[in-house]
Amino acid sequence: MSKSRILRIACVLAVMIAALGVIAACAGQEGTVQGTVTQARDAQQSLEDPANFGQPVAEARIVVYGLNRVEEFSEPEVYRKGLIVYKGTAGEDGTFSFTLAPGKYITEIWVNGYEVGNRQVEVKSGRTTVADFNVKLP
């Protein structure tokens, strides 16, 4: 193996080790987002099938996007969805929990047969943010 190849491998390893150190240092600064996905109570639908509304919705898909500020000096602040930073699934009981770095995010809930639910959440260092979702039938 040539010296230049060994040097490149050593540099890549050094960068990876440094990145792991940064990740480890930031890990203590994360916050938690937790919540429950339930069926929304709609007046008409509650008359048709009152027993199921307000019940947990199992295995909802969760997608969290970073937020990008649209205009630097706009008031109120205007954001748009950025890159996906988390994907997961709610449990059988409709609950979910995950950790993210502090900041503002858009959380979307996808469940087959229901409208997409979304909301902006703000994650704070070392704190738990509750983001419950009530999903509606179309």
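The values are calculated or read from the model by the stated rules, or taken from the named source; none is laboratory data. Since we're looking at a predicted model, the values are computed, not measured. Ideal geometry is used to build each Cβ from the backbone, glycine not excepted, and the neighbour counts take in all protein chains shown.
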- Item | Val22 being modelled with pLDDT of 80 or more and either over 26 Å from Ala131 (Cβ atoms) or touching a Phe, Trp or Tyr at 6+ places or on another chain (Cβ under 6 Å) (or both) | no
- Extreme residue, surrounded by the most Cβ atoms within 10 Å (Cβ to Cβ), among residues of segment 88-130 that are of a type in the set (Asp, Glu) and within 18 Å of Ala60 (Cα to Cα): Glu108
- Query: If Gly94 satisfies every condition in (1) modelled with pLDDT of 90 or more; (2) on the phi < 0 side of the Ramachandran plot but one, which is the exception?
  - Reply: (2)
